[in-house]
Amino acid sequence: MSDAPKDLPEASERRLEEIEHGLFTSDLSVNEFLLVKEAGYHPLGLVMGSSIYHTGIQTRKWGESQELTKLTEAMYNARELAMTRMEEEASELGADGVVGVRLDVNYYEWGKDAAEFIAVGTAVKAEDGVSRRNALGKPFTSDLSGQDFWTLLRTGYLPQGLVMGTCVYHIAHRGLGQTLATTGQNVELPNFTQALYEARELAMTRMQDEASRLGAAGVVGARLEEKTHQWGSHTIEFLALGTAVTRTADEITLTPPVTIISLDH
Amino acid sequence: MSTTPPRPHPVPEGLPAAVRQALAVAEPRHGAHAGLTSDLTIDETLILHSIAWAPRDLVVGLSVQSVPSVIWSWGSGEIELASRAHARAFAHAVARLHAEAVAVGAHGVVGVHVERRILSSHIEVELVGTAVAPIDARPLPDAQVFVSDLPARDFALLFVAGWRPVALAVGASFTYAPRRAVGAALRQQTQNVELTNYTEALYSARATAMERMQRAALDAHGAGIVDVTVTEGPLHFAAHAIGFTAWGTVVTPTPNARSIDPITTVSLDDTVSAFDVASLA
């Protein structure tokens, strides 16, 4: 990887070496750990990627709804850096994939516009020795829990990658005239509605584009997060995240679920 | 325990018969540890009973290590004094917890809550857990008594699947995050750019801490570490010092390790969806 910190710490090498000798680490709970084993995978190690990133400045027009491409780019870049580094660690361990990926953004006191982007997950490898890497030959990534991972495999699907789309959007303020005209009335605010619509659509489309690049059959567990980070109330990041999946030749082995009524309240 | 039961608190005369009876039950008897404290819930106690284990006592381990408060502000590389103090605080707290568990004849400690306080002048680690043992079991050799932060429920599940906890593995590292030069900070003001100095500092703290945790797991002859808890980030009292800590329970398979064969269920309970008026604001 060209733009990674050049000299990875010595301990990092030692850590990966120890994992190669058979010790595994994982932030999976005991339930998830046993289910991943049950699904025919073995956890290899906790893998992480992080990047501390400074986002630039972009001017916004007070009365205009628009995408802030520079900020969108920053959010994309920083997440990609973190995700790619996590994937690199997983590759180095010879993993087939990474499950339970969490993507976080943390703000620290180091500077107003600096944030840490971090991706953490558990690298896993199939116990039957058949590679389960994705269409690009890389370990698959997925934010599914151990429980979801087990269920997904039982239904004959395999995760391909954690896909995301992001869009930082500035939503126009309403002019004084507009505000006065609608005071005391029940009325839709079309400029807000339209801006939010467009921003969401952009984020979702970008996520779907990533999924089709992986040749996925669909995206499961997709969700849309909206955050203003530190940009004030009218600038919002729309982040769409989900796990792209493909159909495999495996047969469906999920038995019909048992219905239960719990007696506790 | 001695053969003659100590009776430090004889049941006072003049109490109602029911109270005297209740107190008598709580009195230590020959060779048995009487009176039981545990922070397990009823469910957890019953789950333990289902695998023929029972709680023995609530056990505690605590250690406070002082650190010179000048070490946090300037320097480069790892803040070794802090890392060492953290490791010592954990090691001493675990040793005390372990000794208490051994004293009550337990085979292990489950559900250990880890409370940590990292301040500029000292590092404090407090561990509280429940000592457990198979019902009517004899004490184990000290070295085989395990300490684990897994809840009793997870311990029982591991036990059923044929795995066992071995120890609590901890790794920590504190590192200075180098400051950016004023010129660089100004130049980068309007740019999208990765701050490589911070990224590298965080990477180095993380790699060192994780390596230490893994080393501890290897020393305990474990097969792996589950349920790893990771905390990271700058310390609130020193913005240019980064701390990274990881801990988890070391586990190893027993000869009876087997698959758990889960069944899927759908709950027919109605999910409660409350309407929140505040969401309209």
Practice task
State all residues of the stretch A:78-97 that are touching a Phe, Trp or Tyr at 6+ places or on another chain (Cβ under 8 Å), more than 22 Å from A:Gly22 (Cα to Cα) and not charged (D, E, K, R); if no residue qualifies, say none.
Solution key: A:Ala78, A:Leu81, A:Ala82
Practice task
Look through the stretch B:218-261, keep the residues that are among the hydroxyl-bearing types (Ser, Thr, Tyr) and facing chain A (nearest Cβ under 9 Å), and return whichever of them is nearest to B:Ser76 (Cα to Cα).
Solution key: B:Thr229
Problem - Out of B:Arg212, B:Arg206, sole residue that is of a type in the set (Lys, Arg) and at the interface with chain A (Cβ under 7 Å from one of its Cβ atoms) - result: B:Arg206
Practice task
Scan the stretch B:139-165 for residues that are assigned to a loop (DSSP other than H, G, I, E, B), touching a residue at least 24 places away in the same chain (Cβ under 8 Å) and more than 26 Å from A:Glu38 (Cα to Cα) and jot them down.
Solution key: B:Pro139, B:Leu140, B:Val145
Fill in the blank from the handout: Checking A:Leu44, A:Leu34, A:Leu23 in turn, the sole residue that is at pLDDT 90 or above and facing another protein chain (nearest Cβ under 7 Å) turns out to be A:Leu34
Fill in the blank from the handout: Counting only strands (runs of 3 or more DSSP E) wholly inside the stretch A:149-248, the ones holding at least 1 residues that are of a type outside the set (S, T, N, Q) and closer than 19 Å to A:Gly63 by Cα are A:157-170, A:235-247
Exercise for the section: Kindly check whether there is at least one residue in the stretch B:181-191 that is charged (D, E, K, R) and at the interface with chain A (Cβ under 8 Å from one of its Cβ atoms). Expected result: no
Fill in the blank from the handout: Out of (1) of a type in the set (Gly, Ala, Ser); (2) more than 16 Å from B:Ser63 (Cα to Cα); (3) in contact (Cβ under 8 Å) with a residue 40 or more places away in the chain; (4) surrounded by fewer than 24 Cβ atoms within 10 Å (Cβ to Cβ), the one B:Ala103 does not meet is (3)
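Per-residue answers, yes or no, for (1) surrounded by fewer than 16 Cβ atoms within 10 Å (Cβ to Cβ); (2) polar (S, T, N, Q); (3) on the phi > 0 side of the Ramachandran plot:
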{"residue": "B:His122", "(1), (2), (3)": "yes, no, no"}
{"residue": "B:Glu126", "(1), (2), (3)": "no, no, no"}
{"residue": "B:Pro139", "(1), (2), (3)": "yes, no, no"}
{"residue": "B:Asp149", "(1), (2), (3)": "no, no, no"}
{"residue": "B:Phe155", "(1), (2), (3)": "no, no, no"}
{"residue": "B:Ala169", "(1), (2), (3)": "no, no, no"}
{"residue": "B:Thr175", "(1), (2), (3)": "no, yes, no"}
Exercise for the section: Tell me which of these B:Arg138 doesn't satisfy, since it passes every other one: (1) farther than 27 Å from A:Arg79 by Cβ; (2) touching a helix residue (DSSP H, G or I) at 6+ places or on another chain (Cβ under 9 Å). Expected result: (2)
Practice task
Taking A:Thr205 as the residue in question, decide whether it is exposed (fewer than 14 other Cβ atoms within 10 Å of the Cβ), modelled with pLDDT under 85 and on the phi < 0 side of the Ramachandran plot.
Solution key: no
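The values are calculated or read from the model by the stated rules, or taken from the named source; none is laboratory data. Note that the structure is a prediction, hence the values are computed from the model and not measured. Virtual Cβ from ideal backbone geometry, glycine too; neighbours counted across all protein chains shown.
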